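Okay, so here's the structure we're looking at.
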Amino acid sequence: MNPHNITLPAAIAVLTLSAAPVLTSCATLRPALKPLVTKAADHLKEAVQDLDVEGIAQEHACGVYISKGRESAEAIFKHEWPIFAPVFETHPNPAADLKWCTDYLGALEVKIVSKPMGTNSTAVCGVVAFGLGFESQPIESQAAMCHHELAHILGQKRMGCKDWLVDYAHVSGRLAAEGTAYALSDAALARYNVSEADVYRQAERRAEGFPAAYGLSHTVTSECVGDYFGAIRRALRERAGV
């Protein structure tokens, strides 16, 4: 499928018209969340196969994806990280961080809703839809996931949602967007004293399932995902010390 022919209006309309009111704090998160039919939005990440390196053998394509994604990752680090940096300088408190995150989303007029099915969370064009069971997860995981989705929203605000989604339709853009957001959420978990071993095991499982979960099984290997995401996480640690 041509990434410039993504059919977005219906998905965005479903998200916008069915969304719950904007939340202003984590204290109101549980009662305010309402079911949302997000089938169309769920398929956004699976709808487009990458065409950046068509014809190149999969085992040789990883370097091309990383090279093309480096500029996007640098832009994300330059523009999005400074927003999170002050939070990482405070005393670790996942409940306070979750409140900060939902407050920030509210200030951006982003709607926060829940999905009636599917555990993956989604951030698309002014709506964050948390996955089924989000509320029952440890508060540390909730805060980390909120950081992840806020990073996507900030990127969409900066680039414009349409341009962000076109970029995300390519493997290079998708790897950069998800790799930087996961580096941020993993840094948050480490900040909450989740052991590095546990964070590493989670990252390994994520890389293993990423190609299939994001519709990229025929374009990128789990080894490539693991190498790229690991490099971004190390870069964040080296640059920001988190």
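Things worth noting here:
- Sorting 219-226, 189-196, 86-93 by their mean Cβ neighbour count within 10 Å, with the most densely packed peptide first, gives 219-226, 189-196, 86-93.
- Ranked HIS79, HIS170, HIS147, HIS218, criterion: other C-beta atoms within 10 Å, fewest first: HIS218, HIS79, HIS170, HIS147
- Per-residue HN-Hα couplings for segment 170-180 [Karplus 6.51, -1.76, 1.60; θ = phi - 60°; Hz; x = Gly/Pro]: 8, 4, 4, x, 5, 5, 5, 5, 6, x, 5
- Sequence-ordered 3J(HN,Hα) estimates for segment 219-236 from the Karplus curve with 6.51, -1.76 and 1.60 and θ = phi - 60° stand at 10, 8, 9, 5, 5, 5, 4, x, 5, 5, 4, x, 5, 5, 4, 5, 5, 5 Hz, glycine and proline given as x.
- Within segment 110-197: Cβ-based charge dipole about Cα centre, in debye rounded to nearest 20 (Lys, Arg +1; Asp, Glu -1): 320
- Overall, segment 201-242 carries a charge dipole of about 240 debye about its Cα centre when +1 sits on the Cβ of Lys and Arg and -1 on the Cβ of Asp and Glu, all other atoms neutral.
- Linear extension gain, SER67 paired with SER136, 0.36 nm per residue minus alpha-carbon span: 21.0 nm
A short reminder: the numbers here are calculations on the coordinates, not readings from a lab. Please read these numbers as outputs of a predicted model, since none were measured by experiment. Heads up, the Cβs are rebuilt from the backbone with ideal geometry, glycines too, and the neighbour counts pull from every protein chain shown.
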